[in-house]
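Enquirer: Can you keep this structure in mind? I'll have questions shortly.
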Amino acid sequence: MNDIFFSLSIGMLVLMAVAIPLARQRIKPNRFYGVRTALTLRDNTAWYRANRLFGKVMLLCGAGFFLFSALLGNWRENADNAMTSIVLFLLAVSVPVVCALVNESREKRGS
């Protein structure tokens, strides 16, 4: 198995495991874990909504990382797709953050 893909896969699995309690709304508002912004720390409803969205999108992006890696063959030992694996990982990590920021922007305009 490709070493870079293996390392990124471990990181993605950890991020997906961390996202599960957020998606299931099991994490109470705190200053250490979750989508922590001024709005989410001030409003419990915004906290749970933002973290549920972040968790679900992170799980979907993680699944997408593994799906596209399998389709592109990034896992193969002789695959020379290190940059593709890195880009897929960065997208899988960035998209949930962008979604959370867009969601907060919408909530600020709505209130």
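The values are calculated or read from the model by the stated rules, or taken from the named source; none is laboratory data. Treat the numbers as computed from the prediction; the structure is a model and nothing was measured. FYI the Cβ positions are ideal-geometry reconstructions off the backbone, even for glycines, and counts take in every protein chain you see. These area figures cover heavy atoms from the full protein model, side chains too; ligands, DNA and RNA do not enter into them. Shrake-Rupley method; radii C 1.70, N 1.55, O 1.52, S 1.80 Å.
Enquirer: How many nm is it between the label spots at L101 and I10, if each spot is 7 Å from the Cα in line with the beta carbon?
Expert: Result: 2.9 nm between the two label points.
Enquirer: DSSP loop chymotrypsin sites (Phe, Trp or Tyr not before Pro) in region 18-111 with at most 11 other Cβ atoms within 10 Å of their Cβ, which ones?
Expert: F32
Enquirer: Please build a GNM for the chain, connecting alpha carbons under 10 Å apart, and tell me which residue among L91, L15, L72 fluctuates the most.
Expert: Looking only at L91, L15, L72, the biggest GNM fluctuation is shown by L72.
Enquirer: Let me ask something else. Given the options P29, N74, M16, identify the residue whose Cα lies farthest towards the positive end of the charge dipole of the chain (+1 on Cβ of Lys, Arg; -1 on Cβ of Asp, Glu).
Expert: P29
Enquirer: From the protein chains alone at 1.4 Å, what is the descending order of accessible area for V35, V18, largest first? Intermediate values should be presented prior to the final figure.
Expert: Numbers: V35 20, V18 60 Å².
If we order V35, V18 from most to least accessible, we get V18, V35.
Enquirer: A further question on this structure: Among F5, A100, F89, flag the residue with its Cα farthest along the positive direction of the charge dipole of the chain, charges on Cβ as +1 for Lys/Arg and -1 for Asp/Glu.
Expert: Among F5, A100, F89, the one farthest towards the positive end of the dipole of the chain is A100.
Enquirer: Just to verify a number: what accessible area does V95 come out at with the full protein assembly present, 1.4 Å probe, Å² rounded to tens?
Expert: 60 Å²
Enquirer: Per residue, how many Å² of accessible area does region 17-74 show with a 1.4 Å probe?
Expert: Accessible area per residue, region 17-74: 58 Å².
Enquirer: Provide the net charge surrounding A19, with neighbours chosen by a C-beta distance below 14 Å and charges set as Lys +1, Arg +1, Asp -1, Glu -1.
Expert: Every neighbour counted, the sum reads +4.
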